[in-house]
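*Asks:* One structure coming up, written as structure tokens, with questions to follow.
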Ligand code: GLY
């Protein structure tokens with residue numbers, strides 16, 4: 001039995017359709033997730049991930065990504081990488097080719113180039129226009145691209161996959177729009193942005209990275225399932241705990257999603273409706289989760 005999950009309507013659809021195509025072509029689950037996220041990173045129309053995504057306050061795109069193998073807890077991640085895309089492929093190379101879990105910034109970029117990645121300009125004409133809009137009218141730009149979740153086509157793409165008892169989790173993002181250069185959110189942090197353990201299941205996060213990281217959202221949800229909670233119960237428990245201890249998590253969208261050994265899934269979020277793509281066979285379907293009660 002195979003189940004794939006992918007976050008947010010527009011970028012999640014790009015990712016899940018590519019992942020399904022790779023699955024049908026016979027690729028292993030990690031490649032399925034990697035290629036799904038890569039397709040979203042390479043689509044310049046998506047503003048929160050990869051090529052053409054919203055830059056930092058210096059006008060430079062900085063990417064974060066991570067991938068985790070539930071079989072043996074191996075993981076690879078990169079953070080604050082400039083000028084190379086897709087970051088998820090560099091993250092997988094970190095896992096495969098080094099003894100480390102994460103490489104950061106300029107040294108992650110150097111590693112990627114050593115591995116054969118081509119440097120490229122990730123700023124498109126459209127995101128230069130958005131950056132200039134933010135520079136001249138920051139409040140309007142914040143409303144349009146950061147707070148209006150549907151309008152800015154979503155956030156980090158996080159994917160979870162299950163195939164015959166094996167889990168893979170992956171995430172890719174450009175992080176918060178107009179962030180301080182060097183800022184890293186939850187997405188590339190194992191336990192915060194993603195976690196996968198074949199003993200139990202997988203979980204991921206998307207949204208406001210500072211709060212999701214402090215709450216160790218993904219690890220907390222997996223450990224909830226280890227205690228016998230369903231994926232939905234584990235997500236709700238995680239989000240209630242985050243809201244209780246970190247009320248700032250109500251100010252922006254925070255999401256945790258989880259996938260269990262039987263293919264059941266769940267999600268919980270704070271202040272907006274969260275769209276999640278789910279695929280088992282046939283066409284992927286979009287599920288919408290309401291925010292947890294305040
Ligand atoms: N969840 C994406 C970020 O905050 O960087």
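Values quoted throughout were computed directly from the atomic coordinates according to the rules given, and no laboratory measurement underlies them. Owing to the predicted nature of the structure, the values given are computational and were not obtained by experimental measurement. Cβ coordinates were reconstructed from backbone atoms using ideal geometry, including for glycine residues, and neighbour counts include every protein chain displayed.
*Asks:* Consider all pairwise Cα distances in the stretch 1-111 and report the whole-number % of them above 22 Å.
*Replies:* Counting pairs separated by more than 22 Å, the tail of P(r) holds 32 percent.
*Asks:* Based solely on its DSSP helices, what 222 nm [θ] is calculated for the chain when runs of n ≥ 4 H residues each add -39,500 (n - 2.57) and the sum is averaged over all residues, nearest 500 deg cm²/dmol?
*Replies:* Estimated from H runs of four or more residues: -10000 deg cm²/dmol.
*Asks:* Determine the percent antiparallel among the DSSP beta bridges restricted to the stretch 191-294, to the nearest 5.
*Replies:* If I count the DSSP bridges inside the stretch 191-294, around 95 percent turn out antiparallel.
*Asks:* Sorted by packing (mean other beta-carbon atoms within 10 Å per residue), highest first, where do 156-162, 52-58 land?
*Replies:* 156-162, 52-58
*Asks:* Please state, as a whole number in µm²/s, the translational diffusion coefficient that the Stokes-Einstein equation yields for the chain at 37 °C and 0.692 mPa s, with Rh defined as the Kirkwood radius across alpha carbon pairs.
*Replies:* Here the translational diffusion coefficient equals 180 µm²/s.
*Asks:* Between residue 163 and residue 262, what is the label-point separation in nm under the 7 Å Cα-to-beta-carbon projection?
*Replies:* 2.4 nm
*Asks:* Can you sort 133, 41 by how many other beta carbons sit within 10 Å, fewest first?
*Replies:* Arranged by neighbour count, lowest to highest, 133, 41 become 133, 41.
*Asks:* Where is the GNM fluctuation largest for the chain (alpha-carbon springs, 10 angstrom cutoff): 139, 60, 13?
*Replies:* So, out of 139, 60, 13, the one fluctuating most is 139.
*Asks:* When only alpha-carbon atoms are used, what values of Rg and Dmax, in angstrom, describe the stretch 1-47?
*Replies:* According to the Cα coordinates of the stretch 1-47, Rg and Dmax are 10.1, 33 Å.
*Asks:* Packing-wise, with mean Cβ within 10 Å as the measure, how do 30-40, 283-293 rank, highest first?
*Replies:* Going by the mean number of other Cβ atoms within 10 Å, highest first, we get 30-40, 283-293.
*Asks:* Treat the count of other C-beta atoms within 10 Å as a stand-in for reagent exposure and order 281, 251 from fewest to most.
*Replies:* By the 10 Å Cβ count, ascending: 281, 251.
*Asks:* With the calculation restricted to Cα positions, what are the radius of gyration and Dmax of the stretch 141-294 in angstrom?
*Replies:* 14.5, 45
*Asks:* Something else about it: Compute a Gaussian network model of the chain, connecting alpha carbons closer than 10 Å, and tell me which residue from 189, 128, 49 fluctuates the most.
*Replies:* Maximum among the listed residues: 128.
*Asks:* For the stretch 61-114, max minus min Cα coordinate along each principal axis, in Å, sorted largest first?
*Replies:* Here the spans come out as 32, 18, 13 Å, largest first.
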